[in-house]
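Remarks on the structure that follows.
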Amino acid sequence: MPRTKNTQGALYMAAAMAGFSCSDALSKSVIVVMNAGEIMFLRGLFTSVFVYLLAWHMGALRSWKVILQPMIALRVVCEAIAAATYITALGMMPIANASAILQALPLAVTLGAALFLKEPVGWRRWTAITVGFVGVLIIIRPGPDGFTTAALLVVASMFATAARDLATRCVSKDVPSLMVTVVTAISISIFGALSIGPLGGWQPISFTPFSHILLASILVLVGYQSVIQAMRTGEISFVAPFRYLSLIWSALLGLLFFGETPDAWTMIGSAIVIASGLYTFYRESKRQAVERVAQESEPRVPA
């Protein structure tokens, strides 16, 4: 794959992480006055309207039967699980800690790509994946707040998101990215609506929380579209490590708006996870370079 495609994918992923991190911070700011189901419903509803109008304007709408495609249906289910678990966790732990656990996502994606998409992964990258998950354990184990429900929810969200990204990779190229986003946003809104009752019922909303959710929905739209474009443009092993930018965003947002400072264990674990992910990226780049040299050196048979 040309390097320009990977560069484009990386830029899309960087934009997605900025959008998702800011949206998460806005969602965390209102979790004290409404439950996760209500947040998912409103955020999904606003996002659905915005993305539907955008898709209509760009002629990207397709038959609703598209949701019957297995990979799109799987993506929708994984997205719903990831959103529900993560939003719930945000109300129970610092945003930087939640983001730190999610930094293992590129490793989970690489693991899934090797197991389910048969992408080649050597022993060095398998070792890096193992070390990276040890880093996750360091983040969530030490101290009296060890394996909390919130930490386990974030881990569940991480694996659901990895499955979502792998499913995105398998969606037919004939389906416009905007149509995938429309289906996802509407499904999230429906899932959120169904969750409101079990999670405590509808809570009245004042102007400030409403405006936060509205802005969060716009940023989710940016994130949705950008991550879809990233996974469909660049190679997974190249694009995935750029998710690490979300840790920087989350740490800054947590410090500025919630007065949260990552502890030493979180920083140590994050460093291990990021180092492991960057090493897997390095090994993948080296493997691709060897393959390119081998292909260029093959003798050409005259026509």
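The values are calculated or read from the model by the stated rules, or taken from the named source; none is laboratory data. Because the structure is a prediction, the values reported are computed rather than measured. No Cβ is skipped: glycine too gets one built from the backbone with ideal geometry, and neighbour counts run over all protein chains shown. We work out accessible area using only protein heavy atoms, side chains counted, and drop any ligands, DNA or RNA first. Shrake-Rupley method; radii C 1.70, N 1.55, O 1.52, S 1.80 Å.
Side notes on the structure shown:
- Given in Å, the Rg to one decimal and the Dmax to the nearest whole number for the Cα atoms of segment 152-245 are 15.7, 45.
- Matching label, Rg and Dmax of the Cα atoms in Å computed from the structure shown, candidates [x] 19.3, 59; [y] 18.2, 58; [z] 19.7, 75: [z]
- Percent accessible area from carbon and sulfur atoms, the chain, protein chains only, probe 1.4 Å: 70
- At an R0 of 25 angstrom, the distance between the Cβ atoms of Leu255 and Val49 translates into a FRET efficiency of 0.15.
- Projected label points at Ala275 and Cys170, each 7 Å from Cα along the beta carbon direction, are separated by 3.5 nanometres.
- Stretch in the chain that is longest and holds no trypsin sites (Lys or Arg not before Pro) that DSSP places in a loop and that have at most 11 other beta carbons within 10 Å: 174-299
- Rounded accessible area per residue of segment 36-165, 1.4 Å, Å²: 43
- Under 20 Å from Lys118, Cα to Cα: lysines that are on another chain or at least 8 residues apart: Lys173, Lys286
- In the elastic network of the chain, a GNM with C-alpha springs shorter than 10 Å, the most mobile of Gly44, Gly200, Gly277 is Gly200.
- Top of Ile67, Ile205, Ile272 by mean-square fluctuation, Gaussian network on the chain, Cα under 10 Å: Ile205
- Annotation: per residue accessible area for segment 173-283 equals 45 Å², rounded to a whole number [probe 1.4 Å, protein chains only].
- Charge dipole magnitude, Cβ of K and R +1, D and E -1 - the chain, Cα centre, debye nearest 20: 760
- Candidates Leu255, Leu68, Leu247, ranked by Gaussian network fluctuation over the chain, Cα under 10 Å, top entry: Leu68
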